[in-house]
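Asks: Shown below is the structure under consideration.
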Amino acid sequence: MKRIFSTELNSTQVNFALLLLRVFAAAFMLTHGIPKFSKLLAGGEIQFGDPIGLGPAVSLGLAVFAEFACSVLIIFGLGTRLAVVPQMVTMFVAAFIAHGADPFGKKELALIYLLIFTVLLLTGSGKYSLDHILLQQKK
């Protein structure tokens, strides 16, 4: 019982938790990014929302960069602190601009992603990542 309620941090468990958080959040985000990436590759007339007034093509390109490219980087833990920033911006725009007038239930998923990516910005990718491997090689 004492171990269950312990507030001591175990670095191995924390690093494993960061691995799980990073990989699963980014993999789930890929399920949103892959269809957008396919839409971008298909060419033709781009029909996509323009929540911040940059034009549908630019908005789709930015969404693909954040939801597809940055998700892949986050899964591998490569440049994680930088890669989560476009994810955070995208989720902020989704929650407060694209779904700004919608009920909380429509914003909830974007806010959860925003929270997860904020945690990864603050903590970094952890020991089980390419960031960690590359940092160790520089020493």
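The values are calculated or read from the model by the stated rules, or taken from the named source; none is laboratory data. Here the structure is a predicted model, which means the values were calculated and not measured. Virtual Cβ from ideal backbone geometry, glycine too; neighbours counted across all protein chains shown. We work out accessible area using only protein heavy atoms, side chains counted, and drop any ligands, DNA or RNA first. Shrake-Rupley method; radii C 1.70, N 1.55, O 1.52, S 1.80 Å.
Asks: P(r) of segment 7-95 in 10 Å steps, Cα pairs, percent per bin?
Replies: In order of increasing distance, the bins hold 17, 43, 26, 10, 4, 0 percent.
Asks: Now a separate question. Can you compute the charge dipole magnitude of segment 29-139 about its Cα centre, using +1 on each Lys and Arg Cβ and -1 on each Asp and Glu Cβ, nothing else charged? Give it in debye, rounded to the nearest 20.
Replies: Values: 8 positive and 6 negative charges, 93 e Å.
Charge dipole of segment 29-139: 440 debye, to the nearest 20.
Asks: Pull up all non-local amide H partners of TYR128: gap of 5 or more, or a different chain, and H-to-H distance under 5 Å with H placed in the peptide plane.
Replies: Distant-sequence amide H within range of TYR128: zero hits.
Asks: Moving to a separate point now. Which percent of the accessible heavy-atom area of segment 75-125 goes to carbon and sulfur, probe 1.4 angstrom?
Replies: On the way: 2110 of 2740 Å².
Roughly 77 percent of what the probe reaches on segment 75-125 is carbon or sulfur.
Asks: Let me ask something additional. In sequence order, what are the phi-derived ³J(HN,Hα) couplings for segment 29-35 according to the Karplus relation 6.51 cos²θ - 1.76 cosθ + 1.60 with θ = phi - 60°, rounded to whole Hz, with x for glycine and proline?
Replies: 5, 4, 5, 8, x, 4, x
Asks: Per residue of segment 104-116, in order, report the coupling 6.51 cos²θ - 1.76 cosθ + 1.60 (Karplus, θ = phi - 60°) as ³J(HN,Hα) in whole Hz, putting x for Gly and Pro.
Replies: In residue order, the calculated couplings are 3, x, 6, 8, 4, 4, 4, 5, 5, 4, 4, 5, 4 Hz.
Asks: Follow-up. Could you provide, to the nearest whole Å², the per residue accessible area of segment 1-45 with probe 1.4 Å? Kindly include the intermediate steps, with their values, before the conclusion.
Replies: Numbers: 3530 Å² over 45 residues.
Using a 1.4 Å probe on heavy atoms only, each residue of segment 1-45 averages 78 Å².
Asks: Could you name the aspartates and glutamates whose alpha carbon sits less than 17 Å from that of LYS36, not counting residues in the same chain fewer than 8 places away?
Replies: GLU45, ASP50, GLU67
Asks: Additional query: Sort 21-34, 3-16 by packing, meaning the average of other beta carbons within 10 Å per residue, with the highest value first.
Replies: Working: 21-34: 18.2, 3-16: 9.1.
Ranking, from highest mean packing down: 21-34, 3-16.
Asks: Another question, if that's okay. Specify whether the C-alpha gyration tensor of segment 34-77 places it in the rounded, prolate or oblate class, a ≥ b ≥ c being the square roots of the eigenvalues: rounded for a/c under 1.5, otherwise prolate if a/b is larger than b/c and oblate if not. It would help to have the intermediate numbers written out before the result.
Replies: On the way: a/c = 3.54, a/b = 1.64, b/c = 2.16.
Here segment 34-77 falls in the oblate category.
Asks: Positive end of the dipole of segment 76-139, charges at C-beta (+1 Lys, Arg; -1 Asp, Glu), about the Cα centre: which of TYR113, THR90, LEU135 has its Cα farthest in that direction?
Replies: The Cα lying farthest towards the positive end belongs to LEU135.
Asks: So, for segment 56-139, what is the accessible surface per residue at a probe of 1.4 Å, expressed in square angstrom? Mind showing how you got there, number by number?
Replies: Working: 4620 Å² over 84 residues.
Dividing the accessible area of segment 56-139 by its residue count gives 55 Å².
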